[in-house]
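Visitor: First, the structure itself, so that you have it in front of you.
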Amino acid sequence: MNEFQIGTETVADGYLGWIRKVHRATNEILRDRRGEPIVFATQDAAKAAAGEAMVAYLNTPMLRDGAKVEALSKAEAFFKPRSIDSVAGISGTAM
């Protein structure tokens, strides 16, 4: 199931559009700004909206991942253990 997908689901008033992201195991129903599911009149409209939502998701910058990498590199630079050569040079003894 580790693949991007889009699709539709039939409901009483029409169709819902949904997307599935690689890192999630469930479908995410398309919702409006209030958080309510968007009901489309036709299956084609629901599928087109799901496709647009997937493209929008794929084209967003991955800021969260970059922040993690930056924070990790700063921490590694601060807590990086000294190499054996630098410790030997400081103490004046060879190891």
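Visitor: Got a sec? Which of Ala48, Ala88, Ala75 is modelled with pLDDT of 95 or more and either surrounded by 10 or more Cβ atoms within 10 Å (Cβ to Cβ) or within 30 Å of Gln5 (Cβ to Cβ) (or both)? If you could, list the steps in order and put the result at the bottom.
Guide: On the way: Ala88 fails: modelled with pLDDT of 95 or more; Ala75 fails: modelled with pLDDT of 95 or more.
Sole residue among the options that is modelled with pLDDT of 95 or more and either surrounded by 10 or more Cβ atoms within 10 Å (Cβ to Cβ) or within 30 Å of Gln5 (Cβ to Cβ) (or both): Ala48.
Visitor: Just checking, how many residues over region 5-37 are surrounded by fewer than 12 Cβ atoms within 10 Å (Cβ to Cβ), hydrophobic (A, V, I, L, M, F, W, C) and touching a residue at least 24 places away in the same chain (Cβ under 8 Å)?
Guide: Result for region 5-37: 1.
Visitor: What pairs come out if I take residues in region 40-56 that are within 22 Å of Ala12 (Cβ to Cβ) and pair them with residues that are of a type in the set (Phe, Trp, Tyr) whose C-beta lies under 7 Å away, six or more apart or interchain?
Guide: Phe40/Tyr15; Thr42/Tyr15; Gln43/Tyr15; Ala46/Tyr15; Ala46/Phe40; Ala49/Phe40; Ala50/Trp18
The values are calculated or read from the model by the stated rules, or taken from the named source; none is laboratory data. None of the values given here were measured: they were computed from a predicted structure. All Cβ positions, glycine included, derive from the backbone under ideal geometry; neighbour counts span all protein chains shown.
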